[in-house]
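The structure under discussion appears below in the form of structure tokens.
What follows draws every value from the coordinates through simple rules; no lab data is involved. Just so we're clear, the structure is a prediction, and the values are computed from it rather than from any experiment. Please note: Cβ atoms are built from the backbone with ideal geometry, for glycine as well, and neighbour counts cover all protein chains shown.
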Amino acid sequence: MVYQKTKENVLILRLDVGEDIYQSILKVCAQEQISLAKVEGIGAVNDITLGLFDPTTKEYTKNEWKNKNFEIVSLLGNITTLNNEPYLHIHMSVAEKNGTVYGGHLNKAIISATGEIFITILEGKVERYFDENIGLNLLNM
Ligand code: ZN
């Protein structure tokens, strides 16, 4: 991964073959001490895990695809904090060869060609809290 920062506080990341999108963004959060930001990206991946939250059971089910080529149609999310640590919430939709699109909550995505991620750093801070009724870490404000 390499990245540069614009004067508007936007980080432009290039991820390379074999790198994990989620882990790479977490690393940048630590290096740049990011506590609030929005994330958007595109690229190509071939090993992904996407989750789907079930509000009834309050559990995530996971869909995994390995050794399968996808284009990222859209990667979108935010960076906030939980217990003062960076917390990523990112969703991703991907298209396979015939154009079929799958999507979900991003757990893992390994780059197969390149990844182009823009992180817009925002001023301020938004903490999360675990809401027992919902079963998720919600925005606290
Ligand atoms: Zn989610």
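Points worth noting:
- Remark: relative contact order (the range 1-80) = 28 percent; criterion is Cα-Cα distance under 8 angstrom and separation of 6 or more residues.
- Overall, the anisotropy analysis places the range 19-107 in the oblate class: the square-rooted eigenvalues a ≥ b ≥ c of its C-alpha gyration tensor yield a/c not less than 1.5, with a/b not exceeding b/c.
- Efficiency of FRET from Cβ geometry, TYR60 and ALA95, R₀ 22 Å, rounded to 0.05: 0.45
- Prolate/oblate/rounded call for the range 85-131, Cα gyration tensor, a/c under 1.5 rounded: prolate
- Lysine pair number, Cα distance threshold 27 Å (strictly under), the chain, separation 8 or more or different chains: 28
- For the pair MET141 and GLN23, a Förster radius of 30 Å applied to the C-beta separation gives a FRET efficiency near 0.60, rounded to the nearest 0.05.
- Whether the range 48-100 is rounded, prolate or oblate, judged on the alpha carbon gyration tensor where a/c under 1.5 counts as rounded: oblate
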